[in-house]
1. Any residue at all in the stretch 481-494 that's touching an Asp or Glu at 6+ places or on another chain (Cβ under 9 Å) and more than 30 Å from Asn224 (Cβ to Cβ)?
2. Go through (1) at pLDDT below 95; (2) part of a strand (DSSP E or B); (3) of a type in the set (S, T, N, Q) one by one and return the number of the condition Thr286 breaks.
3. Looking only at the stretch 16-33, which residues are closer than 25 Å to Leu74 by Cα and touching a helix residue (DSSP H, G or I) at 6+ places or on another chain (Cβ under 7 Å)?
4. Would it be correct to say that Lys445 is closer than 18 Å to Phe371 by Cα and touching a strand residue (DSSP E or B) at 6+ places or on another chain (Cβ under 9 Å)?
5. Picking from Ser43, Ser52, Ser33, which residue would you name as being closer than 25 Å to Lys261 by Cα, among the small types (Gly, Ala, Ser) and surrounded by fewer than 15 Cβ atoms within 10 Å (Cβ to Cβ)?
6. Can you confirm whether Trp14 is assigned to a helix (DSSP H, G or I), surrounded by fewer than 17 Cβ atoms within 10 Å (Cβ to Cβ) and not aliphatic (A, V, I, L, M)?
7. For the stretch 319-354, give me the residue count where each residue is without any contact (Cβ under 8 Å) to a residue 60 or more places away in the chain and not in a helix (DSSP H, G or I).
8. Out of the stretch 228-256, which residues are at pLDDT below 85 and closer than 24 Å to Gln271 by Cα?
Amino acid sequence: MKTIITVLRAAIGWHFLYQGLIKLFADEWSAASYLNNTHGFLSGFYHWFAASPARLGVVDFLNIWGLILIGLALFLGLFVKWSSLFGALLLALYYFAYPPFGVSLFGGDGTVYIINLLFIETAILVFLFCYKEKGYGLDNLAQLIIKKKQIQTEDVPPDTATVNSRREVLKDLATLPVLGLFGWGAYRSSKIYGTDTMSGATIQINQVALGELKGELPKGKLGNHELSRLIMGGNLIGGWAHARDLIYAGQLFKAYNTEKKIFETLMLCEQAGINCINIGFATIQTMVKYRKVTGSKIKIITQVGISEQSEDIYDNVTTAIDNGMDIIQLQGNWCDWLVRDQRLEVIDGLMNRIRSNGIVAGMGAHTIDSFIICEENGIIPDYYMKTMHHDNYWSAHPRENRRPFEVDGAKSRDHNMFHDNCFCPFPDRTVDFVNRAKVPVMGFKVLAAGAIHPKSGFKWAFENGADFICVGMFDFQVVDDVNICIDTLQNIPGRTRAWFA
């Protein structure tokens with residue numbers, strides 16, 4: 001039994017020690033990202049620590065050295081009772097930072113409902129704290145020495161099972177060479193491969209920290225919803241890359257944006273001041289789960305079209321309403337297709353159905369002709385969502401080769417024709433329409449799917465009349481994009497259109 005306990009204790013001790021050492025040796029490691037992304041009923045407690053550089057510094061110091069000292073004590077069998085207690089408390093803090101209650105957030109990372117690696121290690125440490133026999137180690141060796149002195153000085157009868165056995169001493173010291181072997185192996189691995197980025201909370205991404213935010217992101221109103229003027233786009237998390245001839249990019253986006261990463265990114269957005277996301281219809285269930293897991297109040301705009309599985313043209317709208325979507329808009333391609341095919345009555349019916357449920361009704365489009373024709377026929381949404389970007393970038397095909405309604409997924413191999421590269425094909429006509437529109441306008445594809453720098457794209461869209469911009473972002477871009485948006489909104493002298501939101 002002592003041998004089994006020793007192995008369990010040493011294994012957990014090495015886990016602690018290794019996690020502490022790789023954090024100690026990592027360049028500028030911090031728990032900021034781990035704390036900022038926490039969810040659950042104690043998330044405010046963890047966010048409070050991350051909000052202050054001073055508190056965060058204390059957390060980083062205690063985290064690193066707590067792991068190292070607890071790990072050494074458990075591995076060597078020193079102060080086992082107290083190291084078990086403090087180890088269990090530290091693991092409990094990790095456990096409740098991302099509690100697997102209700103819905104498993106970290107599927108695939110060893111987490112199932114309630115029970116995970118943290119839970120199991122905590123249970124073992126609680127057992128070690130309560131159990132009298134602590135296994136072999138320095139505590140046990142100290143007891144042997146004390147007993148031997150008692151025999152020599154107090155005439156206590158010798159216990160041949162403990163005192164007169166050199167094997168007992170060797171067992172108590174056995175973890176020392178094992179620790180040296182493990183330590184040498186970890187050191188050698190770090191020299192060859194660098195920081196072990198697969199270990200918990202050690203991955204460092206070159207991103208601007210929340211503490212570097214330049215201020216509060218301005219807001220506007222759509223109906224009774226107050227939304228940040230920078231809205232998170234849903235294409236990147238949905239895998240719609242619009243990457244021209246890079247055919248692998250969509251799958252790469254999906255591989256990076258796992259469900260866990262999507263949730264982390266959304267939590268980061270909210271902490272940075274982005275309180276709204278615009279998603280494709282297929283992403284509804286992901287957002288429902290995100291709200292359920294985190295308790296988020298993020299506003300969700302969902303795009304709808306005509307269901308291919310149902311003859312009911314309102315099927316998508318019904319699904320969106322049933323799932324609690326805050327704002328519903330006609331998806332851009334669908335609007336273009338319906339206008340092109342002269343099915344304006346379907347658009348009018350969708351706007352009315354959305355509004356009849358007390359929900360803000362938006363209309364998206366890629367070609368400005370869709371809005372112009374709808375306006376001429378008296379179909380005015382509560383807001384427009386229009387592709388808004390300039391065409392001063394290399395991959396934009398020549399203006400003379402652009403056609404209305406061409407941004408519909410069909411791509412040409414000819415560089416001089418549309419090849420998933422220009423989403424606002426007539427920017428001048430778009431600006432003219434936006435500046436006479438009397439309802440709010442949300443610009444999207446303002447970066448032409450990554451072809452335009454945010455400083456240029458944000459400025460162009462806001463100067464030319466956008467009330468909001470919708471931008472797809474990876475997690476490492478969020479804070480930088482928020483800062484650029486704040487700077488842009490503080491200095492847009494070229495804007496002549498009044499703010500309609």
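1. yes
2. (2)
3. Of everything in the stretch 16-33, those that are closer than 25 Å to Leu74 by Cα and touching a helix residue (DSSP H, G or I) at 6+ places or on another chain (Cβ under 7 Å) turn out to be Phe16, Leu17, Tyr18, Gln19, Gly20, Leu21, Lys23, Leu24, Phe25, Trp29, Ser30, Ala31.
4. yes
5. Ser52
6. No; evaluated as a whole, the condition is false for this residue.
7. Of the residues in that region, 10 qualify.
8. Listed by number, the residues that qualify are Leu236, Ile237, Gly238, Gly239.
The values are calculated or read from the model by the stated rules, or taken from the named source; none is laboratory data. Model, not experiment: these values are computed from the prediction. With ideal geometry, Cβ positions are generated from the backbone for all residues, glycine too; neighbour counts draw on all protein chains shown.
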